[in-house]
Amino acid sequence: MTINYKFPDGFWWGSATSATQIEGAANEGGKGKNIWDHWYETEPNRFFENVGPETTSDFYHKYKEDIQLMKEIGHNTFRLSISWSRLIPGGRGEVNQEAVTFYNNVIDELIANDIEPFVNLFHFDMPLELQNEGGWENREVVEAYVDYAKACFRLFGDRVAKWFTFNEPIVPVEGGYLYDFHYPNVVDGSRAAQVAYHTMIAHAKAVEAFRTYTIKDGKIGIILNLTPSYPRSQNPADLRASRIADLFFNRSFLDPAVLGEYPQELIDILIEHGQLPVSQAGDRELLKANTADILGVNYYQPRRVKAKEHLPNPYGPFMPDWFFDNYEMPGRKMNKYRGWEIYEKGIYDIMINLKENYGNIESFISENGMGVQDESRFIEDGEIQDDYRIEFIAEHLKWLHQAIQEGCNAKGYHLWSFMDNWSWMNAYKNRYGFFSVDIETKERTPKKSAHWIKKVSANNGF
């Protein structure tokens, strides 16, 4: 077999997930409530087929078996998140020993199987008590987060070298404070800006704290869903629309995280429209001094935009969408289940941008994947023949390989996700895993893609 796409030695093959999406045991092991537990209790109808986070894929009880399967398909790395409300119920105070035991067991089991744990501290799962104080709108919650981060570094830093402060921090901003698809379902531009800003302050303070610990080969960074904003045309109005979309959805976190400062144009827009968040003396220096060592890049789809067709409603709430309209490019390739465009070259464009404008920071693809509904349609001889997923991964890997050939500092590829997991409001509607999960029995069954990725990992290419 000829390997046409060979990746650098030590390339990270693996997958990613988050606590709320796989652990289950939502009311076990001393765990406190987070916003998802609460929202599901109050509005179960907002979740696909009324499936909530209380059981999910039951990693809490099945982690040993799952880690064996990861090893079996050639994972050498795996990203998980720690549940703040499990480790420190209520968000402040005593550490929950049952949670410490669980996370120690998971980390030790991964290492025993030659899989390096990548640990993320926050994945959309604010402890309910802290959300009731205003969540990221409240600067005191930032301090609680820093204490939680320190507890994690202290407890697990002897074995975990790769740390991430946040996953996709723009999503709680969009979902919780602009577009009503996450709790607390607020629609308010200035509160959204404050949440985004405090998240970055929390990131910088956690980075600062991290550097006071001696963690062998320790690196800390952030995971961002970078979505290139492609203009409809080269008309200046379309170019401006794509530039502003990029400011709001990418550079609002990418610039402060990697360069240590916000883009002036974004600041100017927020000032002009009265949306600038409240800051404190010393914040600017804090951000500048505590930039990321490593960047996780989540990429699923491009954003295509054009100039506004109509002026924004002067009586409506301030929105990033005041500056652009979404554009549906004729002839685009679609994942029709998710309603998302498939554009593999986006992964290359992101990497080239990081190389040219962000100091070629060490990075990796921390999520990429394809969610498909009713995958049981594709079962032959007891196995889901997910050739569409294999093709999706391979085509993205080709562009990632090209970027690496051109000198981009990309170190790995993690699929979303190892197994089908609970996906927020979508629950189990679209399946993403190398392994399928039976929601009733929790049984794991490999899909065709699991056998494929095993070969890719073994050959370090395909």
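The values are calculated or read from the model by the stated rules, or taken from the named source; none is laboratory data. It should be emphasised that the depicted structure is a prediction, and the values quoted were computed from it without experimental measurement. Reconstructed Cβ throughout: ideal geometry from the backbone, glycine too, with neighbour counts over all protein chains shown. Heavy atoms of the whole protein, side chains included, go into the accessibility calculation; ligands, DNA and RNA do not. Shrake-Rupley method; radii C 1.70, N 1.55, O 1.52, S 1.80 Å.
General remarks:
- Of the residues making up region 358-374, none is open to solvent by 20 Å² or more (accessible area, probe 1.4 Å), small (Gly, Ala, Ser), at pLDDT below 95 and over 21 Å from Ser229 (Cβ atoms).
- Among the residues making up region 11-64, those that are farther than 30 Å from His401 by Cα, open to solvent by less than 40 Å² (accessible area, probe 1.4 Å) and among the aromatic types (Phe, Trp, Tyr) are Trp36, Trp39, Phe47, Phe59, Tyr60, Tyr63.
- With respect to the conditions (1) of a type in the set (Val, Ile, Thr); (2) surrounded by fewer than 23 Cβ atoms within 10 Å (Cβ to Cβ); (3) not in a helix (DSSP H, G or I), Ile222 falls short on a single one, namely (2).
- Of all residues in region 366-387, exactly one satisfies the criterion of being among the hydrophobic types (A, V, I, L, M, F, W, C), out of contact with any helix residue (DSSP H, G or I) (no Cβ under 6 Å at 6 or more places or on another chain) and in contact (Cβ under 8 Å) with a residue 12 or more places away in the chain, namely Val372.
- Residue in region 388-402 that is in contact (Cβ under 8 Å) with a residue 60 or more places away in the chain, outside any strand (DSSP E or B) and open to solvent by 40 Å² or more (accessible area, probe 1.4 Å) present: yes
- Evaluation of Ala237 against (1) part of a helix (DSSP H, G or I); (2) under 23 Å from His203 (Cα atoms) (one fails), failing number: (2)
- Residues of region 240-253 satisfying the condition of being among the aliphatic types (A, V, I, L, M) and either open to solvent by 40 Å² or more (accessible area, probe 1.4 Å) or touching a strand residue (DSSP E or B) at 6+ places or on another chain (Cβ under 6 Å) (or both): Ala241, Ala245
- In region 49-66, the residues that are at pLDDT below 95, part of a helix (DSSP H, G or I) and either within 21 Å of Lys33 (Cβ to Cβ) or in contact with a Cys (Cβ under 7 Å, 6 or more places away or on another chain) (or both): Asn50
- Number of positions in region 14-28 that are part of a helix (DSSP H, G or I) and closer than 14 Å to Ala427 by Cβ: 3
- Flag for Ala237 being open to solvent by 10 Å² or more (accessible area, probe 1.4 Å), closer than 21 Å to Lys306 by Cα and in contact with a strand residue (DSSP E or B) (Cβ under 9 Å, 6 or more places away or on another chain): yes
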